[in-house]
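Read through the structure below, which is laid out as C-alpha cells, and then see the notes.
The values are calculated or read from the model by the stated rules, or taken from the named source; none is laboratory data. Just so you know, these numbers come straight off a predicted model, no measurement behind them. Please note: Cβ atoms are built from the backbone with ideal geometry, for glycine as well, and neighbour counts cover all protein chains shown.
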Amino acid sequence: MTMDYKRRVTMDSSGFVLLSDYVPGVVQEIRYYSTYNFIGDRIDGYEEPCALLTMEAARALKTVANEMNVQGYRLKIFDAYRPAGAVRHFVLWGIEDLDLRMKPYFYPELEKQELFKQGYIASQSSHSRGSAVDLTLLDMQTGKELDMGSPFDLFSEVSHPDSTAVTEEQYANRMMLQGAMIRSGFQPIDCEWWHFSLRNEPYPDTYFEFPVSSAYLKR
C-alpha cells in the first residue's frame, strides 16, 4: 500500500480551477475537510472546504450541472481533487489497527484491512490526478439529497451502483446521476455509486501534492 513514485508527483497546480467558478450553484460538503469521514479527523492536505478540479473536469461537470438543473436538481460535491498526501494519510490509518472510531458509521460490515483489499480505498487514487469527483444530487424544491439507498462513503455492497438491495426509486436515482455523468464524459466504478472520473483525463500519469485551497490556484 505504498505510493509508486515511478509515476510523476508534482506541486504544479496550474491546470486546476475552483469548481464553484465554473458551476456557481454547486453545493459543497467537503467531507475530508471535516471530521465526519471514515477516519474521524480532518485529512492531511485539506486546508479549505472547496472543490478543486482540472479545468477539463470542471467544464465537463458544468455540462452535467446544466442538464440536472433543467430537471430540477443541483450537484452536491463530497470530494474532488485529493492531494497525494491525503491518500498517504488513508494508508497510514489503514495500518493502525486500533483506530476504529468510525467503523459503525462507514464500514460496519467489514474489517478495516478489507477496505483496501475490496477496492473501497486505494493506495493510489484517481482523485489525486485531479479529474475525479464524488457527488450526489439535491432536489431544488426540497433542498434535500436524493435517496440513493446508501450514504456517501458507506463501504458496503449496498453502495455498489448495481446493488439489488435498494428500492426501484433509489436505483433510478443512481442511474439518473450515472447517466448524466457518462453523457458528459465521466466513467463510474463498480463499488461506489458516487464516484466518477473523467474518461479522457488530462493528467493520466501524474499525481498532485498541493493542498486543497484556493490560495494555490492561479486565478
Just one of Ser34, Ser14 is of a type in the set (S, T, N, Q) and under 18 Å from the mean Cα position of the chain (by Cα); which is it?
-> Ser34
Output the residues belonging to the range 66-96 that are under 19 Å from Ser131 (Cβ atoms), touching a Ser or Thr at 6+ places or on another chain (Cβ under 6 Å) and in a helix (DSSP H, G or I).
-> Ala84, Val87
Gln28 versus (1) of a type outside the set (Gly, Ala, Ser); (2) buried (at least 17 other Cβ atoms within 10 Å of the Cβ); (3) closer than 18 Å to Ala180 by Cα: which is the lone unmet condition?
-> (3)
Just one of (1) free of Cβ contacts under 8 Å to residues at least 12 places away in the same chain; (2) out of contact with any Ser or Thr (no Cβ under 7 Å at 6 or more places or on another chain) trips up Val158, so point out which.
-> (2)
Limited to the range 106-147, what total is found for residues that are over 12 Å from the mean Cα position of the chain (by Cα) and of a type in the set (Val, Ile, Thr)?
-> 1
Cross-chain or 6+ apart pairs with Cβ under 6 Å, the range 88-103 first and modelled with pLDDT of 95 or more, then charged (D, E, K, R) = His89/Asp44
Do any residues in the range 161-190 that are buried (at least 18 other Cβ atoms within 10 Å of the Cβ) have Cβ atoms under 6 Å from those of residues that are of a type in the set (Lys, Arg) and modelled with pLDDT of 95 or more, where the two are at least six apart or on different chains, and which pairs are they?
-> Pro161/Arg174; Gly185/Arg199
Tell me, please, whether a residue that is at pLDDT 95 or above, under 25 Å from Leu146 (Cα atoms), among the hydroxyl-bearing types (Ser, Thr, Tyr) and more than 16 Å from the chain's Cα centre (by Cα) can be found in the range 63-70.
-> yes
Would you mind listing the strands (runs of 3 or more DSSP E) fully within the range 100-219 where at least 1 residues are of a type in the set (Asp, Glu)?
-> 132-139
Name every residue in the range 122-147 that is surrounded by 21 or more Cβ atoms within 10 Å (Cβ to Cβ) and either out of contact with any strand residue (DSSP E or B) (no Cβ under 7 Å at 6 or more places or on another chain) or of a type outside the set (D, E, K, R) (or both), in order of residue number.
-> His127, Ser128, Gly130, Ser131, Ala132, Val133, Leu135, Thr136, Leu137
Collect the residues in the range 110-158 that are in contact with a Gly (Cβ under 8 Å, 6 or more places away or on another chain) and of a type outside the set (D, E, K, R), keeping them in residue-number order.
-> Gln113, Leu115, Phe116, Ile121, Gly130, Met140, Gln141, Val158
Unmet requirement for Ser34, which otherwise passes all of (1) buried (at least 19 other Cβ atoms within 10 Å of the Cβ); (2) out of contact with any Ser or Thr (no Cβ under 7 Å at 6 or more places or on another chain) = (1)
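In this structure, is Arg8 in contact (Cβ under 8 Å) with a residue 12 or more places away in the chain, more than 30 Å from Met176 (Cβ to Cβ) and surrounded by 15 or more Cβ atoms within 10 Å (Cβ to Cβ)?
Numbers: in contact (Cβ under 8 Å) with a residue 12 or more places away in the chain: yes; more than 30 Å from Met176 (Cβ to Cβ): yes; surrounded by 15 or more Cβ atoms within 10 Å (Cβ to Cβ): no.
It is false that Arg8 is in contact (Cβ under 8 Å) with a residue 12 or more places away in the chain, more than 30 Å from Met176 (Cβ to Cβ) and surrounded by 15 or more Cβ atoms within 10 Å (Cβ to Cβ).
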Filter the range 34-65 down to the residues that are assigned to a loop (DSSP other than H, G, I, E, B) and of a type in the set (Ser, Thr, Tyr), then identify the one that is farthest from Phe78 (Cα to Cα).
-> Thr35
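Considering Glu192, Glu201, which residue is modelled with pLDDT of 95 or more and under 20 Å from Tyr120 (Cα atoms)?
From the options Glu192, Glu201, the qualifying one is Glu192.
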